[in-house]
Amino acid sequence: MCGIVGYVGSRDAVPVIVEGLRQLEYRGYDSAGVAVVRDGTLQRRRSVGKLCNLEDSLRAEPLAGAFGIGHTRWATHGRPSEENAHPHQDCKGKIVVVHNGIIENYLPLKTRLAAQGHKFVTQTDTEVVAHLVESLYKGDLEDAVRRALGELEGIYALVLLHKDEPQKLIAARKGPPLVVGLGEKEHFLASDIPALLSYTRDFLFLDDGDVVVVTPDSVKLTDSSGRVVKRDPQRITWDPIQAEKGGYRHFMLKEIHEQPRAVRDTLLGRIGIEDGEVHLEELGAAEEELKRAKRVMLVACGTSWHAALVGKYLLEQVAQVPAEVDYGSEFRYRNPLVGPASLCVAITQSGETADTLAAFREAKRLGALPIAICNVQGSMITREAAGTLLTHAGPEIGVASTKAFTAQIVALALLALRLGRLRGTLTNERCRELLESLARVPHLMENALAMSGRMDDAAKWLSRSPNMLYLGRGVNYPIALEGALKMKEISYIHAEGYPAGEMKHGPIALIDESLPVVALCPRGRVYDKMLSNIQEVKARGGRVIAITFQGDTEVGKVLEADRDLIFDVPAVAEVWSPLLMVLPLQLMAYHTAVRAGRDVDQPRNLAKSVTVE
Ligand code: F6R
């Protein structure tokens, strides 16, 4: 949801900023722009659409600068156009600003500033910041920004510069993420770590309310009242290669194939097959409190919400603790009754999703113990949680989440097993059995992913289908939802996920020979019911893509060899089956989108981190 980069130092700022923006394009790609200062002259260049358009423009007419800022936009206020592209400037063209977030009171501010004579040229909320700072500027940008922040309502990560204050950037954070990259006589600002990994591994994470003044030689970090804050930098241990495509055509395909590794790393050091126990010491004091939990509230958005639905099933099945699931965006707007001994588990890849954060804070305020399952160390949610279970999926760049999803399910499985043991609802023997089968999952995933090549038949058919239906039951009902979401977001095919038993209550009316129906049919408690549902589809002339366990002999009997398809994955304990059943659905969505000529890693209208509500 908008990416920001800033640079001060001795290099040419333009390539540093553009390279950083490339790593942040997952956050938005409606337009991109840079503003740099050289010898007291401020120059801006902006282009609509993807970063490559800006790069083309810079190639045709190069820019250079000693310090500067850049932005890649996911439009909220004002359509994607060059005029609305960041950086935005004040009337005199001396102050420029880039912004991620929403200035909620921009209209009254704009009306007031316009009445004072400020000329607005865009439809954005951000432009108001440039004019507001201009109106308060008395020769000191830091002071003007600080006073302007006092008037802003909403959420923001902001970076500003003034052309007459050389080698200085001012940044502020309330909501969306911002990090400072620390170099030798050079410093960087960015919305996310991968933007700066080619230059530094040392980062300062800004907290809400922080204001930072960055020059090549100094980083002055202050809180909202201007008090200097001392904060230790953190060293990032990721390999920058993890954020590269590594020979794959798309990040999404690479990340699909990274899932065995992501699951293995998420299990690493946390399971003891010998003692049949799960070890979650990283939860710290919160782990002790888990024992008292009488109820778990899971909050999340999108794909992470689907992981939460699997989590509910696991918590109830394995730990026998009541669990409920909420969309982050809904939780606050009902009247959540958070009883004593409630645990709130927020599931978020980025740790920055505004809706999830808001729900988490509300649950915390109402007295729940706040636990996060998150993929980004140091992200907002990890700093607000009483304890965090990190998923070790590594940086996820493809906008459609894949490896973070399976890693989240694994983290939820570990939490369910631990809770079961702490509450005495899971025997040591059963826990060991479950752990043994969970530990085999990465290997089984490798085997399942080998089917990649066979997806083309499905992709050929599906890329011509305007609609699809996904059916699942029990622990695989959320996987039907996730399969449909993957298909929608990257291929733009309308797809619905349904609990298979609900089909007869309405969606069955959709079934005819043109509607592909994906049916998740692993062996387990609801296998026979799924077989009946498949038969209901076939009886109405429907065409089915069945996902079964290897060795299945029944599903094939109800399908037609020339009209239907079957993909199978290795058999596994039913509770862990989502980890395997989701793989063909991810691959199916990927290959269908590629065949349909879609932009798989950057689907239209989407952004990876949604930091506005
Ligand atoms: C879909 C997808 C989104 C995210 C959602 C929550 O593929 O990636 O639905 O799952 O925006 O994001 P996080 O997990 O970062 O809170």
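The values are calculated or read from the model by the stated rules, or taken from the named source; none is laboratory data. Computed from a prediction, not measured in an experiment: that's the story for all the values here. Cβ sites come from the backbone with ideal geometry, for glycine too, and all protein chains shown count toward neighbours. We work out accessible area using only protein heavy atoms, side chains counted, and drop any ligands, DNA or RNA first. Shrake-Rupley method; radii C 1.70, N 1.55, O 1.52, S 1.80 Å.
Odds and ends about this structure:
- Considering (1) over 28 Å from PRO603 (Cβ atoms); (2) open to solvent by 10 Å² or more (accessible area, probe 1.4 Å), the lone condition that HIS77 does not fulfil carries the number (1).
- Pairs where the first residue, in region 112-127, is without any contact (Cβ under 8 Å) to a residue 12 or more places away in the chain and the second is in a helix (DSSP H, G or I) and open to solvent by 10 Å² or more (accessible area, probe 1.4 Å), C-beta under 7 Å, 6+ apart: PHE120/LYS110; PHE120/ALA114
- Out of ALA386, ALA439, one residue alone is closer than 22 Å to ALA323 by Cα and surrounded by fewer than 19 Cβ atoms within 10 Å (Cβ to Cβ). It is ALA386.
- Counted residues, region 479-511 - those being assigned to a helix (DSSP H, G or I) and either open to solvent by 10 Å² or more (accessible area, probe 1.4 Å) or more than 16 Å from the ligand (Cβ to nearest atom) (or both): 14
Residue-wise test of (1) under 30 Å from ASP30 (Cβ atoms); (2) more than 16 Å from the ligand (Cβ to nearest atom); (3) assigned to a loop (DSSP other than H, G, I, E, B).
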site	(1), (2), (3)
PHE567	no, yes, no
ALA571	no, yes, yes
VAL575	no, yes, no
GLN586	yes, no, no
THR592	yes, no, no
GLY597	yes, yes, yes
LEU606	yes, no, yes
VAL610	yes, no, yes
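Results for (1) within 15 Å of the ligand (Cβ to nearest atom); (2) of a type in the set (Ser, Thr, Tyr); (3) more than 24 Å from THR427 (Cα to Cα); (4) under 19 Å from the mean Cα position of the chain (by Cα), shown as yes or no for each residue.
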residue	(1), (2), (3), (4)
ARG295	no, no, no, no
SER304	yes, yes, yes, yes
VAL325	yes, no, yes, yes
VAL376	yes, no, yes, yes
LEU389	yes, no, no, yes
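- GLU316 falls short of the stated requirement of being over 17 Å from ILE373 (Cα atoms), under 27 Å from the mean Cα position of the chain (by Cα), surrounded by fewer than 17 Cβ atoms within 10 Å (Cβ to Cβ) and within 16 Å of the ligand (Cβ to nearest atom).
- The residues listed here are ALA372, ALA358, ALA404; of these, the one that is within 11 Å of the ligand (Cβ to nearest atom) and either surrounded by fewer than 24 Cβ atoms within 10 Å (Cβ to Cβ) or more than 17 Å from ALA323 (Cβ to Cβ) (or both) is ALA404.
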